[in-house]
Every structure is written in structure tokens, then in C-alpha cells.
Amino acid sequence: MMRWGRAFVLPFLVVLLIVPSPVWSKDLTVAPVAPLPDIHLSFGNGNPEPSQVAMTVELFLLLTVLSLAPAILVMMTSFTRIVVVLSFLRQALGTAQVPPNQVLIGLSLFLTFFIMAPVWQTMNKEAVTPYLDKKIGSDEALSRGLAPIRSFMFRQVRTKDLTLFERIAHLPETPRAQADIPTYVLIPAFVVSELSTAFEMGFMIYLPFLVIDVVVSSVLMSMGMMMLPPTVVSLPFKILLFVLVDGWNLIVGSLVQSFH
């Protein structure tokens, strides 16, 4: 009986939803839809002044820079090295998602702000403030603003990585000074150098924890406890070692000092 009831109700619901009927339309009342507000975008009258056009162009350039801000923060600062080293530390400890990704990224961001603060202060003093005071033009402000960042990247980049991208870019002649190297060549060389340095630091972080894993695994094998995962036993010892040597102080201090 229930089977026949279901077989009757299903087609009835389909017909009720699909087939229009004046009976249903009379009983149903539709609430009025509120009209959407009008949005107008204008850039002045028919003959705008040159200053208005320049301000509009500057606004578009500012929006473009803001859209590229995450890439600039990741690729042209100390963020890459810091977040990679902290990720290596978490993997070496074997604590899975402790600390969570939000904590690692937040710590990396604030360490980046701390390390890059002198660079940004120089940019504000040499480029942003004079430009806002109408003392220099946009081209000069851009060149002055790039100078501190380029100087920071040149201090961290490796010569062999810079030479590699100079060769790939097919520069017309071998650059003799830092000013001769284009920024589009410097940025990828800097990122590769940062990854190389981060992996070297990660290797040094892995070594003491690897020794603990090997010792625990050997002890378990000698005791015949082969079914017990060594990582379960070694995890408390690795955390204890990390706490005893004040690991966060050492890691963060080494990361900050590596940029000086």
C-alpha cells in the first residue's frame, strides 16, 4: 500500500510544479521586487582638465598596485624564506597541523613586517612622502621606491642565480653594476635564492630530530616492538628537546639574523 501511495504522490508533485494552471496563479501572491539602485561611473565633464585626467590615471595605477600587493609581499620580501623554514620545522617535529597554517602564515607576516620595516621607512621617506607633497613626479617616485627593495634583494640574491637569469634573459651585454640589471631579472633570481637558503636551513633543522627518530627506532627494534610506530614514541622526545633548547627563540632569531 505504501509503495502505491509513493508511486501516486511523486507524479502528482511533478505535475503540480511543472504544469502551469490559472487556478494556482490566482491563489498565489507574488511580493513586489524592489528596484535595484542605479550606478553611474563618470570621469568629469566633456572637457576635463589635465589635472583631473592625471588623477584618474593615478587612481587606476594605485588600484593595479593594490591588486598586485599579495604577489609583491610574497615574492619581493622575506616572507618566502620564513614560511618555508617554519613549514620545515613543523614537518621535522612531526606534529601534523600544530601549529596550524593560520598561525604559521600570521607569524611569517609579522616577521616580514619586522624585517622589512627599515626598507619601507626608506621608501616612505624617499618616494611616498615627496610624491604626496607634489615635490616629485610619478616616474621619479617609482624609481625611488624601487631602489630600497632592489637593494634588499641584491643583498640576499646569490651570484649564480642572478647569472642564470641574466643568461636566460639574453641581456645585450654583461651587466657591470646593479643598476644595469633589470628588475624583472632580479625578482626570479631573488625568489630562487630564497628557496635555496630556506631549504638549507630546513636541512639543518631536520638533523637533530632525525637523530631522535633513528635512536627511538633502533631501541624499539632491539626490544622487539616492531608493531609500534617509532613516530608515536619519538614525538614527545622531539617536543621536549625543542622546548628545552628554547626552539622558537633559536629559529626566529636565526631567521631574522639571516637577513642582516
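The values are calculated or read from the model by the stated rules, or taken from the named source; none is laboratory data. Treat the numbers as computed from the prediction; the structure is a model and nothing was measured. All Cβ positions, even for glycine, are placed from backbone atoms using ideal geometry, and neighbour counts span all protein chains on display. Each accessible area value is taken on the protein alone, full model and side chains, heavy atoms only, with ligands, DNA and RNA left out. Shrake-Rupley method; radii C 1.70, N 1.55, O 1.52, S 1.80 Å.
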Do we find a residue being modelled with pLDDT under 80, over 29 Å from Ala198 (Cβ atoms) and either of a type in the set (S, T, N, Q) or open to solvent by less than 80 Å² (accessible area, probe 1.4 Å) (or both) anywhere in segment 64-77? yes
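Conditions (1) in a loop (DSSP other than H, G, I, E, B); (2) among the hydrophobic types (A, V, I, L, M, F, W, C), marked per residue:
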{"residue": "Ala96", "(1), (2)": "yes, yes"}
{"residue": "Met123", "(1), (2)": "no, yes"}
{"residue": "Val128", "(1), (2)": "no, yes"}
{"residue": "Arg144", "(1), (2)": "no, no"}
So Asp213 fits all but one of (1) farther than 23 Å from Phe114 by Cα; (2) open to solvent by less than 90 Å² (accessible area, probe 1.4 Å); (3) out of contact with any Gly (no Cβ under 9 Å at 6 or more places or on another chain); what number is the exception? (3)
Close pairs (7 angstrom Cβ cut-off, 6 or more residues apart or separate chains): under 22 Å from Leu244 (Cα atoms) in segment 209-228, aliphatic (A, V, I, L, M) and at pLDDT 75 or above anywhere: Phe209/Ala92; Phe209/Leu93; Ile212/Leu241; Val216/Val233
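Of everything in segment 218-254, what is of a type in the set (Gly, Ala, Ser), assigned to a helix (DSSP H, G or I) and either open to solvent by 40 Å² or more (accessible area, probe 1.4 Å) or within 15 Å of Arg90 (Cα to Cα) (or both)? Give them in sequence order. Walk me through how you get there before you give the answer.
Residues of segment 218-254 of a type in the set (Gly, Ala, Ser): 218, 222, 224, 234, 247, 253-254.
Now narrow it down to the ones that are assigned to a helix (DSSP H, G or I): 218, 222, 234, 247, 253-254.
Listed by number, the residues that qualify are Ser218, Ser222, Ser234, Gly247, Ser254.
Report whether or not Gln121 is surrounded by 14 or more Cβ atoms within 10 Å (Cβ to Cβ) and either within 24 Å of Thr80 (Cα to Cα) or touching a residue at least 40 places away in the same chain (Cβ under 8 Å) (or both).
Numbers: surrounded by 14 or more Cβ atoms within 10 Å (Cβ to Cβ): no; either within 24 Å of Thr80 (Cα to Cα) or touching a residue at least 40 places away in the same chain (Cβ under 8 Å) (or both): yes.
Here the answer is no, as Gln121 does not meet what is asked.
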Of the conditions (1) at pLDDT 85 or above; (2) out of contact with any Lys or Arg (no Cβ under 9 Å at 6 or more places or on another chain), Met225 fails just one. Which one is it? (1)
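Condition test on Val192, is it open to solvent by 70 Å² or more (accessible area, probe 1.4 Å), assigned to a helix (DSSP H, G or I) and among the aliphatic types (A, V, I, L, M)?
Details: open to solvent by 70 Å² or more (accessible area, probe 1.4 Å): no; assigned to a helix (DSSP H, G or I): yes; among the aliphatic types (A, V, I, L, M): yes.
Answer is no for this residue.
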Hits in segment 95-116 - residues which are open to solvent by less than 30 Å² (accessible area, probe 1.4 Å) and among the hydrophobic types (A, V, I, L, M, F, W, C): Leu104, Leu111, Ile115, Met116
